[in-house]
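Worksheet for the structure shown next.
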Amino acid sequence: MNEFEDLLNSVSQVEPGDVVTAEVLTVDANQANVAIAGTGVEGVLTLRELTNDRDADINDLVKPGETLELLVLRQVVGKDTDTVTYLVSKKRLEARKAWDKLVGREEEVVTVKGTRAVKGGLSVEFEGLRGFIPASMLDTRFVRNTERFVGQEFDAKIKEVDPKENRFILSRREVVEAEAAAARAEVFGKLNVGDIVTGKVARITSFGAFIDLGGVDGLVHLTELSHERNVSPKSVVSVGDEIEVKVLDLNEEEGRVSLSLKATTPGPWDGVEQKLAAGDVIEGTVKRLTDFGAFVEVLPGIDGLVHISQISHKRVESPKDALKVGQEVTVKVLEVNAADERVSLSIKALEERPAQEEGKKMRNANHVLVVQNVKKNVTLNFQKLKLDSQWLICLAILNCN
């Protein structure tokens with residue numbers, strides 16, 4: 001009897017909230033039966049109290065004979081028998097330890113795993129403890145589809161820890177911003193205006209393409225994508241392309257980098273003097289019409305100007321009256337100015353001058369000849385000469401000269 005009493009006294013009582021050591025006896029279905037050391041009683045460890053992964057196989061997590069540290073949750077009395085067992089949890093003990101580790105660690109960065117997309121944000125796990133990241137704190141831009149973070153491991157900054165309220169808030173955005181700032185400082189420290197660098201096309205917009213330079217996105221404006229005019233960005237580059245670009249401008253304070261793709265490729269005006277010369281007669285296409293003339297493409301990327309006065313021998317009120325966009329025309333090169341990227345062209349130089357224009361030109365020449373003879377051989381005296389008003393005015397001008 002004394003030995004039996006000593007045995008009973010050696011068995012400690014089990015209370016909810018106790019941390020105990022237990023040996024796994026059996027693993028069956030979705031639960032494991034354990035023997036709580038030093039108590040003479042058994043406990044039940046369910047899959048739900050073992051892990052947050054509901055699709056996990058309990059046989060992969062615990063084995064018979066394995067010793068575990070567990071948290072006692074409550075006493076369970078069998079329905080048909082007076083057998084007393086205890087519901088225990090490994091997951092909640094790990095969560096308690098995690099809470100202890102978190103207290104006072106606000107603003108520290110920890111690695112978490114996205115577990116579930118929930119209303120307003122993302123549920124994450126840190127060492128068995130469930131935390132929450134609001135959608136506005138997931139990235140530098142608002143994230144509508146938080147599902148893409150489920151299953152991912154990433155760094156986040158601890159913003160609030162309250163064990164009593166079971167409140168654990170984190171921010172991934174602040175980590176992303178800090179990493180971006182560090183990367184931006186590194187990139188700007190290496191870049192100089194005029195550098196040729198390699199980057200990857202990150203995204204395309206209607207006004208150009210953004211190029212990832214390794215932490216900083218630089219913009220290739222639409223006008224700097226190609227030597228051709230009015231091109232669509234998508235017709236020049238695609239997302240994911242690796243391209244060489246030239247640095248045009250840097251603004252570290254605003255985080256802006258202006259780039260050029262066309263500056264890294266030969267332009268249509270390079271060596272134009274070997275392709276065009278004054279006096280050449282070539283075919284071209286009317287590209288644009290303005291009030292002062294027509295721009296004709298004579299070589300790929302090179303438009304020359306046919307001034308309104310060079311369209312026809314006849315008077316032209318508007319280039320639109322004589323030409324149409326897309327029309328094929330034959331032009332004569334009057335001048336090539338590669339430095340200013342200008343080519344002067346003429347259509348009328350290839351057309352025969354009308355007979356009426358020739359007659360008018362001859363009459364004007366004869367008038368000049370008569371006036372010159374009068375000036376040379378006659379001493380003008382306006383009081384004695386009886387000339388009509390037209391000749392008088394002409395002679396007066398000559399005399400003044």
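Over region 104-176, what is the relative contact order in whole percent, taking alpha-carbon pairs under 8 Å and six or more residues apart?
On the way: 154 pairs, mean separation 25.9, N = 73.
For region 104-176, the relative contact order is 35 percent.
Considering only protein heavy atoms and a probe of 1.4 Å, how much of the accessible area of region 16-95 is carbon and sulfur, as a whole percent? Working shown, then result.
On the way: 2000 of 4570 Å².
That share works out to 44 percent.
What's the magnitude of the charge dipole for region 16-95 around its Cα centre, counting Lys and Arg as +1 and Asp and Glu as -1 at the beta-carbon? Answer in Debye, nearest 20.
In debye, rounded to 20, region 16-95 gives about 240.
Roughly speaking, what % of Cα-Cα pairs in region 16-95 are separated by over 16 Å, rounded to a whole number?
46 percent
What ³J(HN,Hα) values, in whole Hz, does the Karplus curve 6.51 cos²θ - 1.76 cosθ + 1.60 give for region 248-259 when θ = phi - 60°, with x put for Gly and Pro?
9, 7, 10, 9, 5, 4, 9, x, 10, 10, 9, 10
How would region 272-346 be classified by its alpha-carbon gyration tensor: rounded, prolate or oblate, with rounded meaning a/c under 1.5 and the a/b versus b/c comparison settling the rest?
Taking the square roots of the gyration eigenvalues as a ≥ b ≥ c, region 272-346 is prolate.
Order the peptides 83-92, 311-320 from the highest to the lowest mean number of other Cβ atoms within 10 Å of their residues.
In decreasing order of mean packing, 83-92, 311-320 become 83-92, 311-320.
Residues of region 136-160 with backbone nitrogen within less than 12 Å of a virtual label 7 Å along the Cα-to-Cβ line of ALA178, please, listed as ranges.
Label zone hits: 155-159.
Along the principal axes of its C-alpha atoms, what lengths does region 104-176 span, in descending order and rounded to whole Å?
Its Cα atoms span 30, 20, 19 Å along the three principal axes.
Note down the Stokes-Einstein diffusion coefficient of region 191-260 in µm²/s, whole number, using a Kirkwood radius over alpha carbon pairs, 25 °C, and 0.890 mPa s.
206 µm²/s
When ligands, DNA and RNA are left out and all protein chains stay put, how many square angstrom of accessible area per residue does region 191-260 have with a 1.4 Å probe?
56 Å²
Just for the Cα atoms in region 66-209, what are the lengths along the principal axes, largest first, rounded to whole Å?
Over region 66-209, Cα extents along the principal axes are 85, 32, 32 Å.
The values are calculated or read from the model by the stated rules, or taken from the named source; none is laboratory data. The structure displayed is predicted, hence computed values, not measured ones. Methodologically, a virtual Cβ is constructed for each residue, glycine included, from the backbone with ideal geometry; neighbour enumeration extends over all protein chains shown. Note: areas computed on protein heavy atoms with side chains; ligands, DNA, RNA excluded. Shrake-Rupley method; radii C 1.70, N 1.55, O 1.52, S 1.80 Å.
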